[in-house]
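Everything below concerns the one structure shown next.
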């Protein structure tokens with residue numbers, strides 16, 4: 001088991017899932033609690049899979065104050081009847097957990113890359129400050145402008161916007177009728193390019209909370225029919241920065 005602790009997204013209304021409804025109907029709150037404990041254990045495990053071993057069932061039984069027999073019964077029900085879990089006979093797992101881990105690793109790699117780029121930029125900046133030239137002084141005002149744009153109040157790159165859009169989509173997908181998960185990277189790129197080109201101002205006024213502004217942008221894109229409706233895709237993309 002991994003010693004690291006991570007946050008993972010929890011559906012705000014998982015009981016709308018018919019598979020969860022089936023589990024609740026058969027085993028009530030006990031089955032529901034055991035399922036989410038398994039989800040936590042899968043996120044923590046280094047392989048993100050649990051073996052069909054008695055010690056796993058014993059651990060779950062002790063933590064959930066129930067019997068080993070009931071744990072085995074609920075695990076088997078979740079595998080064979082409501083298909084919340086998958087199994088190859090030796091291990092059991094949840095595909096969504098594997099996707100969460102893959103997404104987390106991808107975000108970590110992007111943040112690491114951005115961090116290294118930022119460190120390199122600081123080194124170059126420090127070198128320039130220690131060896132000022134006439135050209136550097138003339139460009140100082142423009143440099144300050146860029147620093148303002150990349151302040152902590154705004155996203156540093158498109159990946160940060162996309163990450164927030166995915167967080168928002170996970171919680172509000174039921175309210176978005178015309179946007180698909182696969183649309184988010186394109187919308188994030190459009191949003192970042194538009195706001196960055198305007199110095200993170202909207203109608204001449206500085207944006208105070210970019211995440212709220214980004215969520216409003218997504219909602220407006222959805223209200224206008226998403227990225228694909230009766231209009232041509234190219235036409236819509238040209239119009240979106242005016243939101």
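The values are calculated or read from the model by the stated rules, or taken from the named source; none is laboratory data. Computed from a predicted structure; not experimentally measured. Positions of Cβ are generated from backbone atoms using ideal geometry, with glycine treated the same way; all protein chains shown enter the neighbour counts.
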Do you know which of the residues in region 65-88 that are without any contact (Cβ under 8 Å) to a residue 24 or more places away in the chain and exposed (fewer than 14 other Cβ atoms within 10 Å of the Cβ) is farthest from residue 21 (Cα to Cα)? 88
Flag if residue 96 is exposed (fewer than 15 other Cβ atoms within 10 Å of the Cβ), under 25 Å from residue 16 (Cβ atoms) and out of contact with any strand residue (DSSP E or B) (no Cβ under 9 Å at 6 or more places or on another chain): yes
If you go through region 159-179 one residue at a time, do you hit one that is modelled with pLDDT under 80 and over 22 Å from residue 224 (Cα atoms)? no
Only one of (1) modelled with pLDDT under 85; (2) closer than 27 Å to residue 113 by Cα; (3) surrounded by 16 or more Cβ atoms within 10 Å (Cβ to Cβ) does not apply to residue 240, and that is (2)
Out of all the residues in region 139-158, is one or more surrounded by fewer than 10 Cβ atoms within 10 Å (Cβ to Cβ) and either within 18 Å of residue 220 (Cβ to Cβ) or modelled with pLDDT of 55 or more (or both)? no
